[in-house]
Every structure is written in C-alpha cells, then in structure tokens.
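Step one of this worksheet: look at the structure below.
The values are calculated or read from the model by the stated rules, or taken from the named source; none is laboratory data. Please read all numbers here as calculations on a predicted model, not as lab measurements. As a convention, Cβ positions derive from the backbone with ideal geometry for all residues, glycine included, and neighbour counts pool all protein chains shown.
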Amino acid sequence: MPANTDFNPVVVSPYHDEPAAMTGQELMAANPYRPWPARITSITELTATEKLFEFRLIDERIREAFRHEPGQFVELTIFGVGEAPISISSSPSKRGFIELCVRRAGRFTEALHKMQCGDIVGIRGPFGRGFPFEEMKGHDILLVAGGLGIAPLRSLINNIHDERSDFGKVTIIYGSKNPSEVMFRNQFEMWRHRKDFDLYLTVDNPDDTWDGEVGLVTKPFEHLEISPANTFGAVCGPPVMYRFVVAEMRKKGISYDHIYMSFERHMKCGMGKCGHCQIGHQYCCIDGPVFNYWEAKNIQGSM
Ligand SMILES: Cc1cc2nc3c(=O)[nH]c(=O)nc-3n(C[C@H](O)[C@H](O)[C@H](O)COP(=O)(O)OP(=O)(O)OC[C@H]3O[C@@H](n4cnc5c(N)ncnc54)[C@H](O)[C@@H]3O)c2cc1C
C-alpha cells in the first residue's frame with residue numbers, strides 16, 4: 001500500500017486546545033505525557049518477526065521541534081491498546097521522520113505489526129540519555145550489536161555515517177543467531193564494500209547462503225586490530241552478551257571509561273516518575289538507557 005502523505009492535522013488531531021502561537025518545544029514541554037499523533041508512512045519487513053516503521057508527526061510544529069540523540073527512545077502509543085518504549089533507529093541527522101524497528105513480542109507489538117501505512121499512532125519523547133556522540137568525535141569507534149540490539153545502534157551508526165569525517169576508524173560487529181534473522185541486510189551489504197567501515201557480520205548457525213563469519217559476536221575480536229587508547233566502544237544486545245563483549249574490549253585495551261552500553265528495563269512513564277525502571281539509585285529511563293561501564297556495573301544483573 002503506498003504511503004499516505006496527506007498530513008491534515010485538523011482531520012486527525014484530537015487536540016484543538018493549544019494556542020496557535022505556541023512553538024513545538026513549548027507544546028511538548030507543556031505536557032510530556034501527551035502522545036502526539038503520528039502517521040505511519042512506510043513499513044519494511046526486515047525478518048519474520050521484525051519490521052521497520054517510519055512515522056511522521058502530524059503537527060508541523062512538533063515535527064520541526066522533535067530532535068533526538070542516538071540511543072534515545074520514544075514512548076509509542078497505539079490508541080486503545082497501550083504504550084511501549086521503543087528505541088529510535090533513525091539518525092538524528094535525518095529530520096522530519098522517525099524510524100522504529102520493532103520485534104513482534106506480545107500484545108502491543110502484535111497490534112503494531114497489524115497496522116498499515118496511513119494509520120495513526122501516538123509518539124511522546126524523545127526520552128533518556130543516548131550515546132555521547134560529541135565526545136566520541138575524533139576517536140575510533142567499535143560498535144557491537146547482537147540481535148535486536150542493532151535497533152538503537154543503527155541510529156548511532158547512521159549518525160556516524162552522516163558525519164564520517166569527524167571519526168577515525170569505524171568497526172561494526174553485528175551478530176545474529178541465523179542468517180534469516182540478520183536485519184538491514186541491504187544496508188550492510190552496501191557497507192561491506194566501503195573502505196571507511198570495517199564490517200563483521202556473524203551468525204551462530206549458518207546455512208548454505210551464508211558467506212560471513214560463523215560464531216558468537218565475540219568471534220571477530222580474534223583478528224581485530226584497534227588502537228585502544230583512541231577507541232570508544234558501544235554495545236547493545238541481549239543481556240548475556242554484555243559481559244563477554246566488554247571482556248573482549250578490555251582484552252584489546254579499551255578503557256572502561258570509553259565503553260558504553262544500552263540497556264532495556266521495563267519502564268512506563270519514561271521520565272523518572274513512576275519508578276518502574278528504578279534499579280538502586282538509578283532510573284533506567286532518565287539515567288540511561290545508555291550507561292558507561294562504571295554506571296552499568298552498579299546495575300544489578302547487568303554485568
Ligand atoms: C528503552 C527501551 C527501548 C526499547 N527498544 C525497542 C526496540 O527498538 N524495538 C523493540 O522491538 N522493542 C524495544 N523495546 C522492548 C519493547 O518495549 C517491548 O518489546 C514491548 O513493550 C513489548 O510489549 P508487548 O505487549 O508486545 O509484549 P509483552 O507481552 O508485554 O512482552 C513481551 C516481551 O517484551 C518484554 N517487555 C514488555 N514490556 C516491556 C518494557 N516496557 N520494556 C522492556 N521490555 C518489555 C517482556 O518482558 C517480554 O519478554 C525497548 C524497551 C526499552 C525499555
């Protein structure tokens with residue numbers, strides 16, 4: 001079905017109460033619990049269980065004002081169904097739309113997967129602390145993603161791509177269980193041939209079609225050459241992965257201060273109010289979801 005590009009806020013917005021003179025920033029700040037209507041403008045099937053959705057916020061003021069950092073998330077509402085935190089998968093350098101890569105996991109994500117181009121959802125945010133993009137500039141970058149962990153890291157990867165001259169050597173390791181679970185295949189296929197990205201795709205269980213590496217996401221570390229003093233590491237994947245990837249990064253000599261990782265914890269409000277994602281003295285939604293090694297070490301069960 002072709003994307004519906006007819007954005008008419010009068011028809012679809014249930015909100016008519018705000019003064020027309022308010023800016024998008026003022027509107028969003030006035031009530032951060034309010035989901036802003038957004039239209040699905042594109043849906044791409046990535047695997048049997050993951051889809052990439054592109055959304056456009058309908059109110060032009062909100063669309064203009066929406067800015068995010070790589071690693072941040074939004075709270076996505078399906079009216080009548082519920083709300084869920086989802087990482088922003090598109091680069092902050094691409095404005096006007098938001099991409100979310102969503103795995104079909106349960107009731108909410110099932111309902112999203114049934115939606116069509118043109119359907120309306122609600123978006124509030126962005127929330128949380130992302131990767132320290134400005135601090136990373138001028139350094140080499142080693143990105144390690146496992147499975148769905150590629151969703152938030154893709155925002156960082158694409159942002160680095162768009163500002164490539166600000167970074168040194170960029171190495172990407174992306175591991176999946178099976179070839180059929182590799183997401184963004186076309187994008188990675190293109191990058192495989194580029195000299196300014198070192199790309200390693202690994203799968204645990206290869207089939208006849210697979211010509212990449214075989215083994216866990218830590219396997220490419222065996223032949224990785226990096227300049228540890230100048231390298232930032234960024235990690236996102238299933239909980240079991242972090243301990244092993246961080247150990248490999250340490251073996252290569254990367255400083256703990258330069259290792260960042262993104263965590264998912266059950267969360268609701270996204271603003272440190274409800275306490276659902278509180279771990280010790282930290283709120284995952286505002287202190288994270290991206291933490292550096294020292295912060296992550298204090299999060300129970302994560303390292
Ligand atoms: C910061 C953050 C970023 C996220 N980014 C993405 C993303 O980019 N893509 C994506 O597909 N999913 C992401 N998730 C997970 C997503 O929020 C859950 O998959 C979703 O809420 C499941 O809802 P459901 O009703 O479909 O499934 P449910 O039946 O409620 O649960 C299915 C599975 O999802 C887990 N889950 C349920 N609610 C949450 C929650 N609030 N937070 C984390 N896990 C949950 C459950 O433990 C269970 O394993 C993210 C979660 C967080 C906290």
If you scan the stretch 263-294, which residues turn out to be within 22 Å of ASN230 (Cβ to Cβ) and either surrounded by 15 or more Cβ atoms within 10 Å (Cβ to Cβ) or within 18 Å of the chain's Cα centre (by Cα) (or both)? VAL290, PHE291, ASN292, TYR293
The stretch 36-94: strands (runs of 3 or more DSSP E) wholly inside it with 2 or more residues that are β-branched (Val, Ile, Thr) and in contact (Cβ under 8 Å) with a residue 24 or more places away in the chain are 36-45, 73-78
Would you pick out the residues in the stretch 48-101 that are hydroxyl-bearing (Ser, Thr, Tyr), under 21 Å from GLU163 (Cα atoms) and more than 8 Å from the ligand (Cβ to nearest atom)? SER90, SER91, SER93
Those residues of the stretch 241-282 that are farther than 17 Å from PRO126 by Cβ and assigned to a strand (DSSP E or B) come to a total of 6
Result of the Cβ filter at 8 Å on the stretch 248-269, keeping first residues that are within 10 Å of PHE232 (Cα to Cα) and partners that are assigned to a loop (DSSP other than H, G, I, E, B) and among the hydrophobic types (A, V, I, L, M, F, W, C), at least 6 apart or interchain, is ILE254/ILE226; TYR260/PHE131
Filter the stretch 97-127 down to the residues that are touching a helix residue (DSSP H, G or I) at 6+ places or on another chain (Cβ under 8 Å) and over 20 Å from PRO152 (Cβ atoms) and list them by number. ILE120
Exception for ALA151 within (1) closer than 26 Å to LEU201 by Cα; (2) in contact with a strand residue (DSSP E or B) (Cβ under 6 Å, 6 or more places away or on another chain); (3) more than 10 Å from the ligand (Cβ to nearest atom) falls at (3)
Run GLU189 past the list (1) more than 23 Å from HIS139 (Cβ to Cβ); (2) at pLDDT 90 or above and report the number of the one that doesn't hold. (2)
Filter the stretch 107-133 down to residues that are of a type in the set (Asp, Glu) and either within 16 Å of the ligand (Cβ to nearest atom) or within 17 Å of GLY233 (Cβ to Cβ) (or both), then give me how many there are. 1
Scope the stretch 251-271; condition away from the ligand (no atom under 13 Å from the Cβ) and not hydrophobic (A, V, I, L, M, F, W, C); matching residues: LYS251, LYS252, GLY253, SER255, TYR256, ASP257, HIS258, TYR260
Before we move on, is ARG192 out of contact with any helix residue (DSSP H, G or I) (no Cβ under 7 Å at 6 or more places or on another chain) and in contact (Cβ under 8 Å) with a residue 12 or more places away in the chain? no
